[in-house]
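Report on the following structure.
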Amino acid sequence: MSFKLADLCKYKNIVIQCHDNPDADALASGFALRWYLGLKGIEARLIYGGANVIAKSNLVLMNENLGINCEHVECLEAPELLITVDCQYGESNVTEFPAKTVAVIDHHQVSGELPELNEVRSNYGSCSTVMYEMLQAEGIDINADENVATALYYGLMTDTGDFSEISHPSDRDLRDMAAFNKASITLFRNSNLSIEELRIAGEALKNTIVDEKRRYGIVEAGMCDSNILGIISDMFLEVDDVSNCVVYNLLPSGIKFSVRSCVKEVKASELAAYLAEGLGGGGGHLVKAGGFLKKDLIVKAGVAYEKESIIRFITKRMNTYYDSSEILYAGQYQTDLSEFTKYRKKEFHVGFVRAAQMAQPGKTVMIRTLEGDVDVDVTEDLYIILNVNGEIYPIRQAKFERSYRESSEPYVYPGEYSPNLIDSETGDRIPLLPFARSCISSGGDGIYAKPIEGRVKVFTAWDPDKYYLGRTGDYLAVRVDDPSDIYVIEGGIFAKTYEKCED
């Protein structure tokens, strides 16, 4: 059951537990939670168990310099409430201490039965982000304490490979909004790589697989922190025959991997998600991403968990990804209308915002949404549509007036994450929803559309540098009044919003 931080305040004897061998994200999450409880007059303990004490240089410095002071304990008298952070009670990497009541705050995939009090957001890049969002919900500003803001920022940074694996907009919000201590972050970052890890990076690069036709590379690394995979990836991508690469290592619980791309035809985030599909999770940025494949799901898929089988498996997935993807560019695509069917929009309510109400024309802004960040140049005639499931796309006034009519009904946003407009120069963030008004689709001139089979990457007229991915079940569409305006419509949205023309 999802809960609020305020729900914890009825307990007085509270212990917060990180997983064994805690990392920066676990320390930061526990620290922020203890800080919140302290604001409410509750003095909680922050602990971790296991055989080993914190020894990695950056974590020792973080623990001491930020005043986290996480205790290593071997036994614990049952508290009234035990809260595990960045982990789930009963997992193999968490010492099971007795407790009268247990709560869980985490961002990993659910691996077993959860207690009644649980807040698990598996689509977040870090537990630090979960804590940030929960504090926001209570009206608590993390920047009221620089050490807390610094800890949460560093927790997110390390758990997402220097922010390269961020996939949720809330992760991006924490990254952008935390007023962290720059000197502390610099100190922690420069204490993160040991001589042994440097050797691991060198050894890994001696054994590379390069597909010259598809221009990708694969590297297996030894046991190391996930940030080392990113370092190896960055080095590997500098090879002139490699446009994309995957660097991974085999851990006892699964495969951690890092992805890099230097061409717009392959989003690192999308490739990471494809590699992890059905086996774990992956995401990130356009050029840097990563993910994790769970061992039990790999074995269940019939792949032996040993070196040669894993190499064959990853290579096969990479080949399939490249060979099954068609790439289309707006303005270059030659539409064969004999393959398309004409549709018109059903009447339904959506939202719209005039961009010039939020930013001066001539400015470049970024629209932050659950689907990703979209860069647009503000003009007097730029409108932003908030569609039936909360997805966002820009449209010009002339097309808006042909396709929609304004409504007096109040607008209710249906999405999970409230979108924001971010000024690219100042970083100022402006919520879209206070400016949103309701409108009704009026059909317009209609579209031609056809079902997509396989995978199609479409570079649209409004964003020629980033593609929109269409999968089997989605639709490829072109406007009747502008055949060069090609785009993708998700299958579920298409069924809700379009109907076949009878003429």
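The values are calculated or read from the model by the stated rules, or taken from the named source; none is laboratory data. Keep in mind it's a predicted model, so treat the numbers as computed, not measured. Note: ideal-geometry Cβ built from the backbone for every residue, glycine included; neighbour counts use all protein chains shown. Keep in mind that these areas ignore ligands, DNA and RNA; they rest on the heavy atoms of the full protein, side chains included. Shrake-Rupley method; radii C 1.70, N 1.55, O 1.52, S 1.80 Å.
With the structure loaded, tell me whether Asn207 is within 30 Å of Ser325 (Cβ to Cβ), of a type in the set (S, T, N, Q) and either open to solvent by 10 Å² or more (accessible area, probe 1.4 Å) or within 23 Å of the chain's Cα centre (by Cα) (or both) or whether it fails that test. Before the answer, list the steps.
Details: within 30 Å of Ser325 (Cβ to Cβ): yes; of a type in the set (S, T, N, Q): yes; either open to solvent by 10 Å² or more (accessible area, probe 1.4 Å) or within 23 Å of the chain's Cα centre (by Cα) (or both): yes.
Yes: the conditions hold for Asn207.
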Evaluation of Asn21 against (1) closer than 25 Å to Asp162 by Cα; (2) surrounded by 22 or more Cβ atoms within 10 Å (Cβ to Cβ) (one fails), failing number: (2)
Close pairs from segment 164-185: first closer than 14 Å to Tyr417 by Cβ, partner of a type in the set (S, T, N, Q) and open to solvent by 10 Å² or more (accessible area, probe 1.4 Å), Cβ under 6 Å, at least 6 apart: His168/Asn123
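When you check Gly390 against the structure, is it without any contact (Cβ under 8 Å) to a residue 60 or more places away in the chain, under 22 Å from Ser407 (Cβ atoms) and in a loop (DSSP other than H, G, I, E, B), yes or no? If you could, list the steps in order and put the result at the bottom.
On the way: without any contact (Cβ under 8 Å) to a residue 60 or more places away in the chain: yes; under 22 Å from Ser407 (Cβ atoms): yes; in a loop (DSSP other than H, G, I, E, B): yes.
Answer is yes for this residue.
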Flag for Glu265 being out of contact with any His (no Cβ under 6 Å at 6 or more places or on another chain) and either open to solvent by less than 40 Å² (accessible area, probe 1.4 Å) or in a strand (DSSP E or B) (or both): no
Any hit, segment 452-461, residues being among the hydroxyl-bearing types (Ser, Thr, Tyr) and more than 25 Å from Asp375 (Cβ to Cβ): no
Residues within segment 77-94 that are open to solvent by less than 20 Å² (accessible area, probe 1.4 Å) and either assigned to a loop (DSSP other than H, G, I, E, B) or touching a Leu at 6+ places or on another chain (Cβ under 9 Å) (or both), tallied: 9
Candidate set from segment 442-488 (those that are basic (Lys, Arg) and outside any loop (DSSP other than H, G, I, E, B)); member that is nearest to Ala355 (Cα to Cα): Arg479
Complete set of residues in segment 113-128 that are of a type in the set (Asp, Glu), touching a residue at least 24 places away in the same chain (Cβ under 8 Å) and more than 28 Å from Phe180 (Cβ to Cβ): Glu116
Flag for Gly41 being at pLDDT 95 or above, farther than 17 Å from Glu146 by Cβ, out of contact with any Pro (no Cβ under 9 Å at 6 or more places or on another chain) and not basic (Lys, Arg): yes
Residue match in segment 351-368 (condition: of a type in the set (Ser, Thr, Tyr) and more than 18 Å from Glu490 (Cβ to Cβ)): yes
Residues located in segment 361-401, provided they are open to solvent by 30 Å² or more (accessible area, probe 1.4 Å) and among the small types (Gly, Ala, Ser): Gly362, Ala398
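Out of Gly38, Gly67, Gly49, I need the residue that is at negative phi and loosely packed, with under 14 Cβ neighbours inside 10 Å. Which one?
On the way: Gly67 fails: at negative phi; Gly49 fails: loosely packed, with under 14 Cβ neighbours inside 10 Å.
Being at negative phi and loosely packed, with under 14 Cβ neighbours inside 10 Å holds for just one of Gly38, Gly67, Gly49, which is Gly38.
How many residues are free of Cβ contacts under 8 Å to residues at least 60 places away in the same chain and open to solvent by 10 Å² or more (accessible area, probe 1.4 Å) when one looks only at segment 288-298?
Taking segment 288-298 as the starting set, the residues that turn out to be free of Cβ contacts under 8 Å to residues at least 60 places away in the same chain are 292-293, 295-298.
From what is left, the residues that are open to solvent by 10 Å² or more (accessible area, probe 1.4 Å) are 292, 295-297.
The total comes to 4.
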Any hit, segment 26-48, residues being in a loop (DSSP other than H, G, I, E, B), touching a Lys or Arg at 6+ places or on another chain (Cβ under 9 Å), charged (D, E, K, R) and closer than 24 Å to Leu174 by Cβ: no
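Among Ser309, Ser325, which is in contact with a strand residue (DSSP E or B) (Cβ under 6 Å, 6 or more places away or on another chain) and open to solvent by less than 50 Å² (accessible area, probe 1.4 Å)?
On the way: Ser309 fails: in contact with a strand residue (DSSP E or B) (Cβ under 6 Å, 6 or more places away or on another chain).
Within the list Ser309, Ser325, the selection yields Ser325.
Tell me which residues, restricted to segment 202-240, are assigned to a loop (DSSP other than H, G, I, E, B), aliphatic (A, V, I, L, M) and touching a helix residue (DSSP H, G or I) at 6+ places or on another chain (Cβ under 7 Å).
The first filter runs over segment 202-240 and keeps only residues assigned to a loop (DSSP other than H, G, I, E, B), leaving 205-207, 212-215, 221-225, 237-240.
Restricting the remaining residues to those that are aliphatic (A, V, I, L, M) gives 205, 221, 223, 237, 239.
If the condition is that a residue be assigned to a loop (DSSP other than H, G, I, E, B), aliphatic (A, V, I, L, M) and touching a helix residue (DSSP H, G or I) at 6+ places or on another chain (Cβ under 7 Å), then Leu205, Ala221 are the ones that fit.
Name the helices (runs of 4 or more DSSP H) wholly inside segment 100-199 in which the number of residues that are within 20 Å of Leu370 (Cα to Cα) and either modelled with pLDDT of 90 or more or of a type outside the set (Gly, Ala, Ser) (or both) is 2 or more.
Numbers: elements: 127-137, 146-159, 169-177, 182-189.
Output list reads 127-137, 146-159, 169-177.
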Every residue from segment 402-441 that is under 28 Å from Val478 (Cβ atoms), part of a loop (DSSP other than H, G, I, E, B) and open to solvent by less than 50 Å² (accessible area, probe 1.4 Å): Ser407, Gly415, Pro419, Leu432, Ala436
